[in-house]
Amino acid sequence: MSLFFYITWVLVLSSKFYLASAETSDKIGINYGKLGSNLPSSYQSIESIKFLKAGSVKIYDANPEILKLLSGTDLKVSIMVQNHEIIDIASKQKVADQWVHDNVLSFYPETMIRFILVGNEILSQSSEEYKQIWKNLVPAMHRIKKCLNAHNIHNIKVGTPLAMDIFQTTFPPSNGTFRSDISASVMEPLLQFLNRTKSFFFLDVYPYFAWSTNPKTISLDFALLRETNTSYTDPNSGLVYTNLLDQMLDSVIFAMAKLGYSDIRLAISETGWPNAGDFDQIGANIYNAATYNRNLIKKMTSKPALGTPARPGSIIPTFIFSLYDENQKTGPGTERHWGMLHGNGVPIYEIDLSGNRSLSQYRPLPLAHNNVPYKGKVWCVVARGADLLALTSALGYACGQGNGTCDALVPGQRCYQPLSLYWHASYAFSSYWAKFMGKGATCYFNGLAQQTIINPRKKGICISKV
């Protein structure tokens, strides 16, 4: 029997385990981030989470106000050890004990803490600083778990959320393989820990990113979990896939099996679809966001559980990202538009996380107009209401990157006049973006810039075209 067919055979047998697995929940959870300048209070936010009929909530720290407000509710809670805390916790049991005392014992069991996530996507960062954190990830998890055991707490699972960039290959799913730089040093110890403690492999999985980078090859319906005749058959395993999410999840299952771990349960720590974005970000709109999340809820709350082709019948705890649009997140426009609610708490679209509302019971959605790439011209200009002091600093940063970014703003050159901070910054932003977008630069500048498809030259502004 070949290694591949042995792995597939083991996965089929192990799938029976998931049909009767305890401690799992088919109630959809929600990610509650707070990187917004205008967000409702913690109390109002928890009321909104209840209104959306979530079964659980995941926060990105162990905020005591939030944990206290969650006391006595039916919401199961996931808290997080922040990245900068990992090395200290790994180095001393006393530090781990104190963290558990302050952030768990002070609220548990009245607050139904069920997951402690150690770090957030730390394997996505490859600086020397983060490589030190990599080494300390599993030791920190061991120390947290040891403290929980000492207090006879066995219904709180310890894990860590990882992104899809931990994989060297994911397609076809049967080829799923972890990156060579982390496979032996991080993933094997991590999987050993998760297996021994019967915890979950937490994955941040976004079909949007896979589809948006390859929309000509991947069907939008396939990415949105729509029930169509579109399917893909893995040439190695023979498993048939009807949606992109299952493909991505099963690539994890096959990657774990290759390292000898075929029984570790999956949990989705983040997934979702952006409701808006920049002009050049295809498919980021309300129609697609609502469609994906509604179909996700239908899939994950189905009874009996659907699982994935490699693990039929398995229940996969799932947290949708996110509760709010968060206007202080950096990066491209989509980063600030994953919410089901606006920053002021007003719903962006109708959603019922319980799964009890059929798709036909929702009102019509606004039609999507950006499901194909935008082919027009785009400029990067100063955002409305930008702070002048901050604008001066941002102008200095953009021009300080070299590569001729601001040569046209030198006295005597073609864009020196009019002598205006607004005009000069708009030129610098657009020029910087045009020159460095291939290296990941965005038109954001900490909220000081925005995209426009209206030619600024019509306003007399000398500007660089993207």
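Of note:
- Extension gain, LYS298 to PHE171: 0.36 nm times the residue separation minus the Cα-Cα distance gives 43.2 nm.
- Solvent-accessible surface of the chain, averaged per residue with a 1.4 angstrom probe and all protein chains in place: 45 square angstrom.
- Segment HIS84-GLU129, length gained on full extension (0.36 nm per residue, minus Cα span): 15.2 nm
- Reachable aspartates and glutamates from LYS377, criterion Cα separation under 13 angstrom, eight or more residues apart if same chain: ASP278, ASP280
- Each label point was placed 7 Å from the Cα along the Cα-to-Cβ direction; for ILE153 and LYS377 their separation is 6.0 nm.
- Stokes-Einstein D for the stretch 379-459, Kirkwood Rh over Cα pairs, 20 °C, 1.002 mPa s (µm²/s): 170 µm²/s
- Computed Kirkwood radius, in angstrom, where 1/r is averaged over Cα pairs of the stretch 308-466: 18.7 Å
- Shown are TYR422, TYR324, TYR397, TYR362, whose ranking by accessible area with a 1.4 Å probe and every protein chain present, most to least, is TYR397, TYR422, TYR362, TYR324.
- Overall, the accessible surface of the chain at a probe of 1.4 angstrom is composed of carbon and sulfur to the extent of 53 percent.
- Residues whose amide H comes within less than 5 Å of that of ASN371, counting only those at least five positions distant or on another chain, are GLY283 (H built at 1.01 Å from N in the peptide plane).
- GLN361-LYS459 pseudo-label distance in nm [points 7 Å out on the Cα-to-Cβ vector]: 4.7 nm
- Computed lengthening from GLU188 to SER106, 0.36 nm per intervening residue step minus Cα-Cα distance: 26.2 nm
- Sparse-neighbour loop sites [trypsin sites (Lys or Arg not before Pro); the stretch 126-233; at most 16 other C-beta within 10 Å; DSSP]: ARG179, LYS198, LYS216, ARG226
- The chain - mean residue ellipticity at 222 nm from DSSP helices (-39,500 (n - 2.57) per run, n ≥ 4, rounded to 500): -9500 deg cm²/dmol
- In a simple Cβ point-charge model (Lys, Arg +1; Asp, Glu -1; nothing else charged), the chain has a dipole of about 520 debye relative to its Cα centre.
- Within the chain, the longest segment free of exposed loop sites, counting GluC sites (Glu not before Pro) that fall outside DSSP classes H, G, I, E and B and have at most 14 other Cβ atoms within 10 Å, spans 228-349.
- Projected onto its three principal axes, the C-alpha set of the chain covers 74, 55, 46 Å, listed from the longest axis down.
- Estimated FRET transfer efficiency when R0 is 30 angstrom, pair ASN403-ASN214 (beta carbons, to 0.05): 0.50
- Options TYR32, SER431, THR177, ranked by Cα towards positive dipole end of the chain, top entry (Cβ charges): SER431
The values are calculated or read from the model by the stated rules, or taken from the named source; none is laboratory data. What you are looking at is a predicted structure, and each value in this text was computed from that prediction instead of being measured. All Cβ positions, glycine included, derive from the backbone under ideal geometry; neighbour counts span all protein chains shown. Heavy atoms of the whole protein, side chains included, go into the accessibility calculation; ligands, DNA and RNA do not. Shrake-Rupley method; radii C 1.70, N 1.55, O 1.52, S 1.80 Å.
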